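Below is one structure, written out as structure tokens; the observations come after it.
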Amino acid sequence: MCAAVGCESTETTTHLFLQCDKSRELWSKVWNWLGISLVTPVHLRNHFTQVSTLVGMPRSSHLFFRTIWFATIWVIWKERNYCIFKNIVATSSALIEKIKLNSFLWLKSKHASFCYSYTDWWKHPLLCMGIQV
């Protein structure tokens, strides 16, 4: 996410959030956690649209997917800043845990009907979204 981790590419939003090796690895971990697979679009806006309105998923799950998308973008941005300003580089495993925690806390604080524990969210996010697998 920065030169400190070996990325020498020009920093654009597309590169930072979608194309950088560390970002791609992180998105892969997100999809793995959710048990889905996606082809990453070239543009960030298209990526958001794809994730926030996943075909075949109930409309009620779109809010959850948007929240996870924003949590991932937030974690990538924060990691970039830690790397640049504090020279701190986290592992992708640590970053996926931050995404899980942030998305859980954001959902819990904004939606009173979200009654699941962090352990439920961590282990079975689709079931917490009401998606039967």
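On the basis of being of a type in the set (Phe, Trp, Tyr) and over 26 Å from residue 8 (Cα atoms), does residue 85 make the cut? No; evaluated as a whole, the condition is false for this residue. Within the option set 101, 126, being in contact (Cβ under 8 Å) with a residue 60 or more places away in the chain and touching a helix residue (DSSP H, G or I) at 6+ places or on another chain (Cβ under 8 Å) holds for one residue only, 126.
So how many residues does segment 23-39 have that are more than 20 Å from residue 128 (Cα to Cα), among the β-branched types (Val, Ile, Thr) and in contact (Cβ under 8 Å) with a residue 24 or more places away in the chain? Looking only at that region, the number is 0.
Restricting attention to helices (runs of 4 or more DSSP H) lying wholly within segment 65-133, give those where 3 or more residues are more than 18 Å from residue 37 (Cα to Cα) and of a type outside the set (A, V, I, L, M).
The helices (runs of 4 or more DSSP H) meeting that bar are 92-110, 118-123.
Rundown of residues vs (1) buried (at least 17 other Cβ atoms within 10 Å of the Cβ); (2) β-branched (Val, Ile, Thr); (3) more than 21 Å from residue 118 (Cβ to Cβ); (4) in contact with a Ser or Thr (Cβ under 8 Å, 6 or more places away or on another chain), yes/no style:
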{"site": "9", "(1), (2), (3), (4)": "no, no, yes, no"}
{"site": "17", "(1), (2), (3), (4)": "yes, no, yes, yes"}
{"site": "37", "(1), (2), (3), (4)": "no, no, yes, no"}
{"site": "47", "(1), (2), (3), (4)": "yes, no, yes, yes"}
{"site": "59", "(1), (2), (3), (4)": "no, no, yes, no"}
{"site": "69", "(1), (2), (3), (4)": "yes, no, no, yes"}
{"site": "81", "(1), (2), (3), (4)": "no, no, yes, no"}
{"site": "85", "(1), (2), (3), (4)": "no, no, yes, no"}
{"site": "102", "(1), (2), (3), (4)": "yes, no, no, no"}
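Condition check ((1) in contact with a Leu (Cβ under 8 Å, 6 or more places away or on another chain); (2) hydroxyl-bearing (Ser, Thr, Tyr)) across all residues:
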residue: 57; (1), (2): no, no
residue: 70; (1), (2): no, no
residue: 79; (1), (2): yes, no
residue: 83; (1), (2): no, no
residue: 92; (1), (2): yes, yes
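Any read-out appearing in this document is the output of simple, stated calculations on the displayed coordinates, not a laboratory observation. These numbers were taken from a predicted model, which means no experiment stands behind them. Positions of Cβ are generated from backbone atoms using ideal geometry, with glycine treated the same way; all protein chains shown enter the neighbour counts.
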